[in-house]
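> Please see the structure below; I have some questions.
Just so you know, all these numbers are worked out from the coordinates, no wet-lab data involved. Everything quoted here is computed from the prediction, not taken from an experiment. Positions of Cβ are generated from backbone atoms using ideal geometry, with glycine treated the same way; all protein chains shown enter the neighbour counts.
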Amino acid sequence: MAWSVLALVGSSLVWSPAGRADSDRHREEVVLCTGSSDSTYDPPLTLASRETHISVNARYTCSVAPGRNVTATGALDGVSPSASCLTLGSTARLTETVQYDDGKRSLIAYDGGGTYRIAGVQILRLTGRVVEGRGKGQQAQRTVSAASDALPTECLSSGLPGSSGRAQLEIRP
């Protein structure tokens, strides 16, 4: 007799026919990473929107399975056609390579997002999809809260050359 499986996953109740629960769980990996993120902007961000090259280095601790954490590094690179001190632009196209210490990696293509600035802190949310490696085919979302090391007056003069902050990366089905 085949048994069905009823399980609580997060806050959702999931049913799977007999023999499917374990295979589905292994095929779709949920990864949650948190850590630090350092960005550089070329040219530096000013109040005027302009094409800007964005480069980011991140250091993460990632939960890759229940009770299993690994450290990882992330490297983002790309261009925003309309970045400024107020926004990095929702049309920025960035790719991130996440290299996990267990030898695996994820290549993520971000193609959407938004920027919010609250009391000197910039909140950036990128959305995309994992195109290679761990989590391939799944959705990815990266959120960074970053405070600039430069004074706000930098936006009016030479521009903000970079920012640092806390990052969270989620890879989900």
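> Using mean Cβ contacts within 10 Å as the protection proxy, how do 154-163, 62-71, 79-88 order, highest first? The partial results should precede the final answer.
Details: 154-163: 16.6, 62-71: 13.4, 79-88: 19.4.
So the order, starting with the most tightly packed, is 79-88, 154-163, 62-71.
> What are the ³J(HN,Hα) values, in whole Hz, obtained from phi via the Karplus relation 6.51 cos²θ - 1.76 cosθ + 1.60 with θ = phi - 60°, for each residue of the range 51-56 in sequence order, with x given for Gly and Pro?
4, 9, 7, 10, 10, 9
> I would also like to ask the following. With a ≥ b ≥ c the root eigenvalues of the C-alpha gyration tensor of the range 36-173, is it rounded (a/c under 1.5), prolate (a/b larger than b/c) or oblate?
In terms of gyration-tensor shape, prolate.
> Residue by residue through the range 93-100, which ³J(HN,Hα) values in whole Hz follow from phi under the Karplus form 6.51 cos²θ - 1.76 cosθ + 1.60 (θ = phi - 60°), with glycine and proline marked x?
After applying 6.51 cos²θ - 1.76 cosθ + 1.60, I find 10, 10, 10, 10, 9, 9, 10, 8 Hz.
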